[in-house]
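In what follows, a structure is listed as structure tokens, so that the remarks can point back to it.
The values are calculated or read from the model by the stated rules, or taken from the named source; none is laboratory data. Computed from a predicted structure; not experimentally measured. Please note: Cβ atoms are built from the backbone with ideal geometry, for glycine as well, and neighbour counts cover all protein chains shown. Heavy atoms of the whole protein, side chains included, go into the accessibility calculation; ligands, DNA and RNA do not. Shrake-Rupley method; radii C 1.70, N 1.55, O 1.52, S 1.80 Å.
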Amino acid sequence: MRSLPIRRVPVGPIGVWIALAIALRLLWVLVVPSRPVGDFALYRESASYLVEHGSLDPEFIYMPGYVFLLAAVEWLGGGLLAAKLLGVAAGGAVAFAAAGTADQLFGRRAGVATAAIGALWPAGIAVTSVTGTDLPAGALVALAVWIMARLGRTRPRLAAGLSGLVFGLGAWIRAVTVPLAALSFFFWWATAGWRAALRRTALTVAVAVAVLLPWGVRNHALYGEPFLTDSHGGHTALVGANPNSDGTYSRSLNLMFTKATGYRLMDTPDRHRASDRAAYAIAKEWSAFEPMYALGLLAAKADRLLSHERNLLYWPLFRQGVLPDSARAFQDAHRLALERLADWFWYGVVALFVAGLALVAGGASARAGSAGGAGARARDRRPLALLAFPAAMVAIYASFFSEVRYHLAIAPLSFPLAGAAAVWLWDGGRRRFEGERARLARVAVAVAGTFGAWSLLIAGGEALRSRHRWAVAICEYPSVGQARLCAWRRSAPLNGPSPVRGVWDGVGLRVAPLATAEGGDVLAAARTELPLENGRYRVKARATVAPSSGGEPSLGASVTLNGMAIASVLLSAQKTGIGIPLDGTFDHEGGRAVLEIALKSLGPASTNEPKTVWFSQLGVERFTPLDIIPRR
């Protein structure tokens, strides 16, 4: 019987670096007493519930793979330290898989350089003490890629099946791994053509689905429908589309969602799917409401995902409550240095990755490896084909929702190209790039162009968000107690940054009063549309402005309905903090009603300090119809 053609873990330089990677991560979890908070604490609580009750918490809506691992650790008698050892193992697996992939694609020396990058990755070491799903899921994705690179040419069907198995296991931890199995098509296409690629991809996907099938059966039994993902994708998309927070998590969003729909994020099982669908429907509406803002939001989410690694230190070191007070002194004193170390290491990896990509695209990849067939390896399209995996994850996270910790599954896939470029630069530097200066110039241009283009992308996204910013808040209509979501877009000024800001119970208008403003000038305005039936209505709200250093008020607030003024007040500095009531009535013939709030200048401002006026507790109440003429 033939044994699997997977070589044993090398004892040479690659093995030394992998051993160092594990040792550094083990030392970290022993020295840094990080405590799980937020989602990370939830995973441990869910594991404890599973051990005690033999089933998942009824409100559990995530993929259960990592919870199963934590439950196994707890059932075996392990505590928090034992749970963190899962992160140590995942960190070692990342270094091993990245190095093994580089070894197969570019040669042993590139594998050694990649192993060094994986071992010394500062942010990768720091997150080891966080009991989260991101590092284990990233390790499984990296291992699946290594299997394809290692066995793809010699045992392709075995490689397709094993990679499908690993992708399926990864999907038990993070649902985003599910579509990655189908993306193996590009690797197989680069290896053996599209016909073979279709067959092998089908095998990979079939195995991945088979691994996930028990989860689908469980979902069918619980929800009455078979599906292979979690039950919070809609909520995740809703967070990523929230204009009030630029697509980041905020507690107020949960409050808005519950008031407007009656559902909760953590709801009872019979409401999980309906809650998730309602969240996804709202997310689609928000993305379509102001397309240019949504486009700018893509850049913001890509920025959070890829630009920096300093934020990865937040969860193990700097978040309030993760470290006891006695252990905070060193981290607080050296926070800037630690953040710079994480960022600059990542910038170096990105520069090397782009250099490696430029070399591969130019047919010079073999120069990064050891001797052995420059012509053969120069035509190798596998390194480019494997980029489908990180590209897909970036696209998915930027489209829906991103946090910097999602970056942990993407970064290791850049290490092999970075390692190959490092070896090429080392060899070229030793001979002063003799005969390679033109290629060096092209690589330098590619690196500088990438950083420059990325900066322009981020700045362009910020400009789009600033100009097209809108807000969403709870409004009560057509009667008190009926909460709905109102979307507000600016109506004045027409140019420049949008003045609109949002919180869960109101909308704000940010203005910078001009010394040249004259009485009656509209400084800022926003409007929303309300579908109302025929009748008489009363609109009410409260206007609040922060205290001003000036003596006399210089702003007035007004409310109009379909262009007709129905309420106006003077914003007095003496009444700040308690809110000034706005109240008016109007008749409406039915259909769409355009409600507008505006800030008007009362003359030259006594201060040039920008201020935000908040309109909160907005309600539109319909009067009860009166029968003037008795019915016959």
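Listing for the model above:
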read-out: Magnitude of the charge dipole, segment 74-231, Cβ model with Lys/Arg +1 and Asp/Glu -1, debye to 20; value: 720 debye
read-out: FRET efficiency, Ala221 to Arg277 (Cβ-Cβ, R0 25 Å, nearest 0.05); value: 0.80
read-out: Longest to shortest principal axis, alpha-carbon extents of segment 121-223, angstrom; value: 43, 42, 17
read-out: Label-point separation in nm, Val522 to Met564, each point 7 Å along Cα→Cβ; value: 1.8 nm
read-out: Expected 222 nm ellipticity per residue - DSSP helices of 4 or more, -39500 (n - 2.57), all of the chain, to 500; value: -17000 deg cm²/dmol
read-out: Acute angle (nearest 10 degrees) that the helix 251-261 long axis makes with the longest principal axis of the chain, alpha-carbon atoms; value: 60 degrees
read-out: Under the Debye formula (equal points on every Cα, no solvent term), log10 I(q)/I(0) of the chain at q = 0.09, 0.11, 0.12 Å⁻¹; value: -0.85, -1.13, -1.25
read-out: Mean separation of Cα contacts under 8 Å (6+ apart) over length of the chain, as relative contact order %; value: 13 percent
read-out: By average C-beta atoms within 10 angstrom, highest first, the peptides 456-467, 534-545, 42-53; value: 534-545, 42-53, 456-467
read-out: Mean Cβ neighbour count within 10 Å, used as a protection proxy, ranking 165-171, 69-75, 296-302 highest first; value: 165-171, 296-302, 69-75
read-out: Cα gyration tensor shape for segment 155-306, rounded if a/c is under 1.5, else prolate or oblate; value: oblate
read-out: Stretch gain in nm, segment Arg592-Leu213, where the contour uses 0.36 nm per residue and the Cα spacing is subtracted; value: 131.7 nm
read-out: Per residue solvent-accessible surface (Å²) - segment 257-296, probe of 1.4 Å; value: 50 Å²
read-out: Projected area, mean over directions - segment 391-438, Cα convex hull, nm²; value: 4.7 nm²
read-out: Those lysines that a straight Cα-Cα span of less than 23 Å connects to Lys284, excepting residues fewer than 8 apart in one chain; value: Lys259, Lys301
read-out: Cα centroid separation, segment 26-74 to segment 414-478 (Å); value: 36 Å
read-out: Peptides 414-427, 180-193, 384-397 ordered by average Cβ neighbours within 10 Å, highest first; value: 414-427, 180-193, 384-397
read-out: Mean accessible surface per residue for segment 147-211, computed with a 1.4 Å probe while every protein chain stays in place, in Å²; value: 41 Å²
read-out: Simple spin-label estimate for Gln320 and Ala23 in nanometres, 7 Å along Cα-Cβ; value: 4.0 nm
read-out: Simple label model, 7 Å out from Cα along Cβ direction - Ser466 to Leu30, nm; value: 5.1 nm
read-out: Cα centroid separation, segment 169-225 to segment 337-353 (Å); value: 33 Å
read-out: Protein accessible area in segment 108-259, 1.4 Å probe - carbon and sulfur %; value: 67 percent
read-out: FRET E, pair Leu457, Ala206, Förster distance 35 Å, beta-carbon r, rounded to 0.05; value: 0.40
read-out: Of the trypsin sites (Lys or Arg not before Pro) in segment 152-203, those whose Cβ has at most 15 other Cβ within 10 Å and which sit in DSSP loop; value: Arg153
